[in-house]
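What follows is a set of notes on a single structure, which appears directly below.
The values are calculated or read from the model by the stated rules, or taken from the named source; none is laboratory data. Everything numeric here is computed off the predicted structure, so don't read it as measured data. Positions of Cβ are backbone-derived with ideal geometry, glycine not excepted, and every protein chain shown enters the neighbour counts.
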Amino acid sequence: MQLAALFATALIAQSAPTVTTGGAESVTTGSAAVTGTVNPGGEATTYQFEYGTSTSYGLTTPQQDAGNGTADVAARATLTSLTNNTTYHYRLVATNASGVTRGSDRTLKTSAPAAAPSISSRAATGVSGGGATLNAGINPRGLATDVYFEYGTSTSYGTRTPTVGIGAGTSTVSAGAPIGGLRPNTRYNYRAVATSAAGITRGGNRTFTTSRVPTGVAITPSTVKPTWGSGLTITGTVSGSGTTPVAVEKLDFPFQGQWTPLATANSNSSGRFTLTVPPLFATTRLRVATRTSTVVTSGVSTVSVAVKVGLKTSRVSTRRTRLTGAIWPSVPRGRASLQRQSRSGRWIPVKRAGVTALGSDRSRYSFTVTRSRTRAMNYRVLVNPRNDGLQVSGSSRVINLKQRR
């Protein structure tokens, strides 16, 4: 009886294995590790994995020993020579004397092969006469990626920006590089170059043209010796940039301090301009400057303001005429010179005299002339302000005194 019971218990303990198909690990482009558990059911048991690109499988791993115990045993096998970026089916199969057990179907997908970065070209920004910012969109595709830009006046490029890292993300990031030292009004080519462990990608060629910038300003004042209280005009040309905003600036006597603007204008498409200078009352330095990011200034013109000299006549007697006049501005140290014009046209000093005050803002002079018996004569008065250059000498109008009878 006891022997029969033991025999029956042994028969009950022995059975076909049980299996559980587990997950996949360490999946790469060409391999993967598949797992599961096997319970031998008390009999000597082996296991293997079936796998393939469909539930028909078609491939198996080598058999491995699971032992003859009654507890779960870990099963593992490495699948090799797989095709990248492909879905595979697999299941665990265990075999012993009591039968064959097949686990449930599971899938894995091999990794896609590493790809070089992708580049989307973008337009340059901040374009000026001498610089710009080069732009592109870069997708590192999961690998640490470095980027630089090539640029030049042809598609041979010839110049490159410093290399910068943009990380190892899987989405597009913006990359930009400022450049300078460019020639104005010049077309430039550029492209982005991205490098990772998967390779080098060169973006498509893009172009931009730098702005025209002024290279020089030439000016011509209508006069360099205006009379006190009068203005002038300045004509000139901006070279290199066509239509350009310009301003005439002044530096007042004694030529210290800051230049200050007087008037503005725009040059025409040929670069020509005209500026009107308002009334001046002291010797002044003038220049014209462009109102551009790259400022270009003309040479300096010194405009010497002449004192304003009035002249009127009054009869003293049949032989004598008085010449008087006001002088603007007040020149306390000034000297007046009465001049007569010779037959050859030269002006000859006849008399000199100091000036006197005429209110707080003017001076005056006075001369008496004896008229000639033989001919009419031209006269004028020249005033030297003697104020250290604040103004310069100015002359009155010319009068003609008839010969006396």
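The figures follow:
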| item | result |
| --- | --- |
| Those residues of the range 301-328 which are assigned to a loop (DSSP other than H, G, I, E, B), surrounded by fewer than 20 Cβ atoms within 10 Å (Cβ to Cβ) and in contact (Cβ under 8 Å) with a residue 40 or more places away in the chain, in sequence order | Ser304, Gly310, Leu311, Val316, Thr318, Arg319 |
| In the range 336-357, the residues that are part of a strand (DSSP E or B) and of a type in the set (Ser, Thr, Tyr) | Ser337, Thr356 |
| Odd one out for Thr264 among (1) modelled with pLDDT of 95 or more; (2) assigned to a loop (DSSP other than H, G, I, E, B) | (2) |
| Single residue of Gly169, Gly165, Gly142 found to be farther than 23 Å from Ser241 by Cβ and without any contact (Cβ under 8 Å) to a residue 24 or more places away in the chain | Gly165 |
| Which numbered condition Val316 fails, given (1) assigned by TED's automatic domain parsing to the domain that holds Trp259; (2) modelled with pLDDT under 95 | (1) |
| Residues of the range 289-300 classified as of a type in the set (Ser, Thr, Tyr) and outside any loop (DSSP other than H, G, I, E, B), total | 2 |
| Any chance Gly126 is surrounded by 15 or more Cβ atoms within 10 Å (Cβ to Cβ) and under 26 Å from Thr210 (Cα atoms) | no |
| Exclusive hit being of a type in the set (D, E, K, R), over 29 Å from Ser293 (Cβ atoms) and surrounded by 17 or more Cβ atoms within 10 Å (Cβ to Cβ), set Arg202, Arg141, Arg206, Arg191 | Arg141 |
| The range 358-368: number of residues that are loosely packed, with under 13 Cβ neighbours inside 10 Å and either assigned to a strand (DSSP E or B) or in contact with a helix residue (DSSP H, G or I) (Cβ under 7 Å, 6 or more places away or on another chain) (or both) | 0 |
| Scope the range 276-300; condition farther than 29 Å from Ser128 by Cα and among the hydroxyl-bearing types (Ser, Thr, Tyr); matching residues | Thr276, Thr283, Thr284 |
| Test: Ser270 is part of a loop (DSSP other than H, G, I, E, B) and of a type in the set (Ser, Thr, Tyr) | yes |
| Conditions (1) out of contact with any Leu (no Cβ under 6 Å at 6 or more places or on another chain); (2) modelled with pLDDT of 95 or more; (3) surrounded by 14 or more Cβ atoms within 10 Å (Cβ to Cβ): number failed by Gly271 | (2) |
| Tyr188 closer than 22 Å to Gly130 by Cβ and assigned to a strand (DSSP E or B) | yes |
| Residue list for the range 281-296, restricted to those being out of contact with any Asp or Glu (no Cβ under 8 Å at 6 or more places or on another chain), of a type outside the set (D, E, K, R) and in contact (Cβ under 8 Å) with a residue 40 or more places away in the chain | Phe281, Thr283, Thr290, Thr292, Ser293, Thr294, Val296 |
| Search result, residues across the range 43-91 that are among the acidic types (Asp, Glu) and either touching a Leu at 6+ places or on another chain (Cβ under 8 Å) or part of a strand (DSSP E or B) (or both) | Glu50, Asp65 |
| Count of the range 244-261 residues which are surrounded by 15 or more Cβ atoms within 10 Å (Cβ to Cβ), assigned to a loop (DSSP other than H, G, I, E, B) and either touching a Pro at 6+ places or on another chain (Cβ under 8 Å) or of a type in the set (S, T, N, Q) (or both) | 1 |
| Members of the range 31-88 that are surrounded by 15 or more Cβ atoms within 10 Å (Cβ to Cβ), of a type in the set (S, T, N, Q) and in contact with a helix residue (DSSP H, G or I) (Cβ under 9 Å, 6 or more places away or on another chain) | none |
| Filter result for the condition that a residue is more than 23 Å from the chain's Cα centre (by Cα) and either within 30 Å of Ala24 (Cα to Cα) or assigned to a strand (DSSP E or B) (or both), over Gly176, Gly167, Gly137 | Gly167 |
| Those residues of the range 92-116 which are farther than 30 Å from Ser171 by Cα and assigned to a strand (DSSP E or B), in sequence order | Leu92, Val93, Ala94, Thr95, Asn96, Gly99, Val100, Thr101, Arg102, Arg106 |
